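Worksheet for the structure shown next.
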Amino acid sequence: MASMVVAVASLEAHPTQDGRPNIVLFMVDDMGWQDTSVPFWTQRTPLNATYETPNMERLAKQGMLFTQAYASPISSPSRCSLLTGANAARHRVTNWTFRKGQMTDDADERLSPPDWNYNGVCQSVGTPNTFVARSFVDVLHEAGYYTIHCGKAHWGAQDTPGESPLHFGFDVNIAGHAAGGPATYLSERRFGHDAEGRPTAQFAIPGLQKYWGTGTFLTEALTQEALAALQQWKKNEGQPFFLYMSHYAVHVPIDRDMRFYEKYRQRGLSEKEAAYASLIEGMDKSLGDILDWLDRNGMTEHTVVLFMSDNGGYATGAEWRDEPLYTQNAPLRSGKGSLLEGGIREPMIVRWPGVVKAASRCDRYVLIEDYFPSILEMADIKRYSVPQKVDGQSFVALLRGTGDPSQGRALIWNYPHVWGNRGPGIDLNCAIREGDWKLIYSYKTGQKELYDISHDISEQHDLSASRPELVRRLSRKLGKRLRAMKAQRPTLKTTGLPCPWPDEL
């Protein structure tokens, strides 16, 4: 693959304390747009009144809140786009990854999935069904940043180079491996190991033996390890750091964080609802602990903090699993796995002292692949070479108030799979958002749905029948963009032929 050179100017070795900021990217797993006391809408909702996230509130008061931040509907596609800057349609890690050489698709009676990159992303060639790309972390590392990974990785399948964060430019890896979730948050269960240290579950969390049996919840253990890594970094005086604090929370299983659980039970929440609320507040405490560490060490003014989730909240499936939902995304419709807003719209906050106006809001849309160029611009890295095409666009101009990269931009999603849950907007579809308009196309049925997001955030009013020319225009653009990125689509089992592109119907 030909190398792409991005931007201009040289990348000389910088002296210590050269003004480049430290960077913390705080990533939450499966956190919905409403799983917080911070309102990301024009008004507070009942869920905003249910949860307590004082440190998210603190961060929002000090930074910029994004009301229309998007990701993919499933974890691995989002995380691979974050790492590489490539759209999921291009890198083809379009479903969740785990075992080498194995798809994770559920079966469909009519369609077969494409031969997607189920082994994830790698920085080196030689592994089949991978997307070869260089991570932004590797670019940061080359430019002199000390790089720390803590928590969930989920970039590559087991026994592939992409399984380990150390292969992507991280100096330190804490508990990151191929799994997309935790076996358990409970140290009493040794995070999924037996007494001899053997994994008893496929998602057993590695490397936290010192916490086994101590009563330390996984979220807290990861936080303590991240803070210890930051203390170790302090020995490298003058070298900036990048911390990727990537929590397994609030992914299933919904274990009880007993530091917070009883409070929510006393408020009348069910056991499952209270357990989920305790996961959320435990995550928020971790954010506060990191912010406090920056304050104590005099680094707050020199550190960018970014907060993001990787897909929508788990708010689908109750109608066929015969169990009540423990959360939801209202006013957004549907949840994880869906290309409706509930599956892809995320809570996002950025604090950058001296650059971002405190308590500000941004109503322009961004996509998770935008983190790649944005973080490198924050680090003042203006020239770098990567083998992949970077689809992401820097949102630094939005932070500075100097421009609007969303103007005239179309966002693209492609999910040609059956995930394994059910609900509106889930499985075998693709979508485009341009301005206020969003079109969703089903590979399976050929159906197209058109929504005016600015006036119908809940996507209750399909306008496709009344706006046929707009449907045709967006279908043409979506089909053209997907083909340009060499996107994949499912095939019909009866004929072996691929499903039509959205502009072919």
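The values are calculated or read from the model by the stated rules, or taken from the named source; none is laboratory data. Nothing here was measured: the structure is a model prediction, and the numbers come from that model. With ideal geometry, Cβ positions are generated from the backbone for all residues, glycine too; neighbour counts draw on all protein chains shown.
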Looking at (1) free of Cβ contacts under 8 Å to residues at least 40 places away in the same chain; (2) hydroxyl-bearing (Ser, Thr, Tyr); (3) closer than 21 Å to Lys477 by Cβ, can you tell me which one Ser406 breaks?
(1)
Would you be able to say whether some residue in region 417-439 is part of a helix (DSSP H, G or I) and at pLDDT 95 or above?
no
How many residues does region 143-169 contain that are of a type in the set (Phe, Trp, Tyr) and part of a loop (DSSP other than H, G, I, E, B)?
2
Kindly indicate which of Ser454, Ser475 is closer than 25 Å to Gly392 by Cα, out of contact with any Ser or Thr (no Cβ under 6 Å at 6 or more places or on another chain), of a type in the set (S, T, N, Q) and surrounded by fewer than 16 Cβ atoms within 10 Å (Cβ to Cβ).
Ser454
With respect to Asp310, determine if the residue is at pLDDT 95 or above and either surrounded by fewer than 21 Cβ atoms within 10 Å (Cβ to Cβ) or within 22 Å of Phe66 (Cβ to Cβ) (or both).
yes
Of all residues in region 473-492 being out of contact with any Asp or Glu (no Cβ under 8 Å at 6 or more places or on another chain) and part of a loop (DSSP other than H, G, I, E, B), the one that is farthest from Asp105 (Cα to Cα)
Lys486
Evaluation of Val396 against (1) touching a Lys or Arg at 6+ places or on another chain (Cβ under 8 Å); (2) closer than 27 Å to Glu142 by Cβ; (3) of a type in the set (Val, Ile, Thr) (one fails), failing number:
(1)
Out of everything in region 251-273 that is in contact with a helix residue (DSSP H, G or I) (Cβ under 7 Å, 6 or more places away or on another chain) and in a loop (DSSP other than H, G, I, E, B), what residue ends up being farthest from Phe191 (Cα to Cα)?
Leu269
If you scan region 33-69, which residues turn out to be under 13 Å from Val350 (Cβ atoms) and either free of Cβ contacts under 8 Å to residues at least 12 places away in the same chain or small (Gly, Ala, Ser) (or both)?
Ala60, Gly63, Ala69
Pick from region 222-241, criterion touching a Ser or Thr at 6+ places or on another chain (Cβ under 9 Å) and part of a helix (DSSP H, G or I), ranking: farthest from Ser309 (Cα to Cα)
Gln224
Just need a number here: residues in region 190-212 that are without any contact (Cβ under 8 Å) to a residue 12 or more places away in the chain and within 19 Å of Glu225 (Cα to Cα).
1
When residues of region 92-105 are limited to those that are out of contact with any Gly (no Cβ under 9 Å at 6 or more places or on another chain) and crowded, with 24+ Cβ neighbours inside 10 Å, the one farthest from Asp29 (Cα to Cα)
Arg92
Of the residues that sit in region 61-89 and are surrounded by fewer than 24 Cβ atoms within 10 Å (Cβ to Cβ) and of a type in the set (A, V, I, L, M), which one is farthest from Arg433 (Cα to Cα)?
Met64
Surrounded by 15 or more Cβ atoms within 10 Å (Cβ to Cβ), of a type in the set (Gly, Ala, Ser) and either within 20 Å of Gln488 (Cβ to Cβ) or in contact with a Gly (Cβ under 9 Å, 6 or more places away or on another chain) (or both): is that true of Gly420 in this structure?
yes
For Arg483, only one of the following conditions fails: (1) modelled with pLDDT of 95 or more; (2) basic (Lys, Arg); (3) surrounded by 15 or more Cβ atoms within 10 Å (Cβ to Cβ). What is its number?
(3)
Under 8 Å between Cβ atoms, at least 6 apart or on separate chains: pull out the pairs that start in region 106-126 with a residue that is exposed (fewer than 15 other Cβ atoms within 10 Å of the Cβ) and end on any residue that is of a type in the set (Phe, Trp, Tyr).
Asp106/Trp419
Checking the conditions here, which among Tyr314, Tyr276, Tyr244, Tyr248 is hydroxyl-bearing (Ser, Thr, Tyr), farther than 19 Å from Met348 by Cβ and not in a helix (DSSP H, G or I)?
Tyr248
Looking across region 346-396 at residues that are assigned to a helix (DSSP H, G or I) and touching an Asp or Glu at 6+ places or on another chain (Cβ under 7 Å), the single one that is surrounded by the fewest Cβ atoms within 10 Å (Cβ to Cβ) is Val396
If I filter region 244-299 down to residues being hydroxyl-bearing (Ser, Thr, Tyr) and surrounded by fewer than 23 Cβ atoms within 10 Å (Cβ to Cβ), which single residue comes out as modelled with the highest pLDDT?
Tyr261
